[in-house]
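Just so it is clear, none of the values below were taken in a lab; they were calculated from the coordinates. Worth saying up front: this structure is predicted, and the values here are computed from it rather than measured. Ideal geometry is used to build each Cβ from the backbone, glycine not excepted, and the neighbour counts take in all protein chains shown.
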Amino acid sequence: MEILTVENILLDVESEDKMSAIKRLGRKLIENGYVDELYIEGMIKRENSLTTYMANGVAIPHAMPEYTQYIKHSGIVIAQYRNGVDFGNGNVAHLLIGIAGIGDDHMDALSKIAIVCSEEANVKEIVESSDPLAIIDLIEKEGN
């Protein structure tokens, strides 16, 4: 099963509160066969214990370690919020990357995404893109 596909990318999502956004990512992970429903509970608990906002307008919601038992396959979903999601303390995420990982399966894709998102220009390009394939290509090309 592929970790990041066109079906895993949500474009131009309307702004919403961070918990609704995290639940949206979790539902997409469920819909695409990566996790069971209880994984969303773990994502919410993670956010309540420590924000998943990183930098450059990027948040990477994922579950607490004890919820990995609800992962069927490693997967990554990306949601683009042009108007942003308020993660508190002045942090607004325009790109949310939901992760469900078993072992190291997802580490290659996550590493590429981290490299790409460390550059503000790349994040801006992803947030403004209307083509899921172009987003995947950017991650593949710039992440190496």
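For this structure, a couple of remarks:
- Beta bridge orientation in the chain: antiparallel %, DSSP, nearest 5: 75 percent
- Between Asp108 and Leu38, the modelled label-to-label distance comes to 3.1 nm, taking each label 7 Å out from Cα in the direction of the beta carbon.
- Charging the Cβ of each Asp and Glu at -1 and of each Lys and Arg at +1, and nothing else, the dipole of the chain about its Cα centre rounds to 320 debye.
- Using the Karplus relation 6.51 cos²θ - 1.76 cosθ + 1.60 with θ = phi - 60°, the per-residue 3J(HN,Hα) values for segment 123-139 come to 4, 4, 5, 5, 5, 8, 6, 10, 10, x, 5, 5, 5, 4, 4, 4, 5 Hz, with x marking Gly and Pro.
- If you plug the beta carbon distance of Ala55 and Glu2 into 1/(1 + (r/R0)^6) with R0 = 35 Å, you get a FRET efficiency near 0.80.
- Prolate/oblate/rounded label for segment 28-83 (Cα gyration tensor, a/c 1.5): oblate
- For Ile9, residues with placed amide H under 5 Å, excluding near neighbours: Ile78
- Entry note: the chain has Rg to Rh equal to 0.92, where both radii use alpha-carbon atoms and Rh is the Kirkwood radius.
- Extension gain, Ile115 to Asp17: 0.36 nm times the residue separation minus the Cα-Cα distance gives 32.6 nm.
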